[in-house]
Amino acid sequence: MRHLLIPMVLIAGVTRAGEDAIELKDAPGRALVEANCVACHSLDYIQMNSPFLDRKGWEASVNKMIKVMGAPVQEDDAKVIVDYLHAAYGK
C-alpha cells in the first residue's frame, strides 16, 4: 500500500500546480471571510456563486453554512460576512 501513496501524492501535486491563488476583493469584512470560510471550502466558492446571489442569497448561503453545515461563526461575524459578500460579490 505504501508504494501506491507516493504516486498519488505526486499526481495530486501536479493537478494543483497550475491553479492560481484566489484573491478576494478588498473591502471591510474580507478578513472575517478569509478566516471563517476557508475552514470548510476554498474561496473560489465565493467567486463561482457571485453571479447568482443577491443579498438574500448570500444571507441564505451563510445561514446554511452555520445552521446546516455547522460552521462555527458568531452571529455578529455572520452579519459582517454577509455585508462583505453582498458589497463585493452581490448581483
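List of remarks:
- For segment 21-89, the C-alpha radius of gyration sits at 0.97 times the compact-globule guess of 2.2 N^0.38 Å, with N the residue count.
- When you restrict to C-alpha pairs under 8 Å that are six or more residues apart and normalise by the size of segment 21-89, the relative contact order lands at 49 percent.
- In a simple Cβ point-charge model (Lys, Arg +1; Asp, Glu -1; nothing else charged), segment 21-89 has a dipole of about 220 debye relative to its Cα centre.
- Residues Tyr89, Tyr84 in ascending order of nearby Cβ atoms (within 10 Å, fewest first): Tyr89, Tyr84.
- Taking other Cβ atoms within 10 Å as a rough exposure proxy, Lys79, Lys67 sort from fewest to most as Lys67, Lys79.
Any read-out appearing in this document is the output of simple, stated calculations on the displayed coordinates, not a laboratory observation. Values in this document were obtained by computation on a predicted structure and should not be read as measured data. All Cβ positions, even for glycine, are placed from backbone atoms using ideal geometry, and neighbour counts span all protein chains on display.
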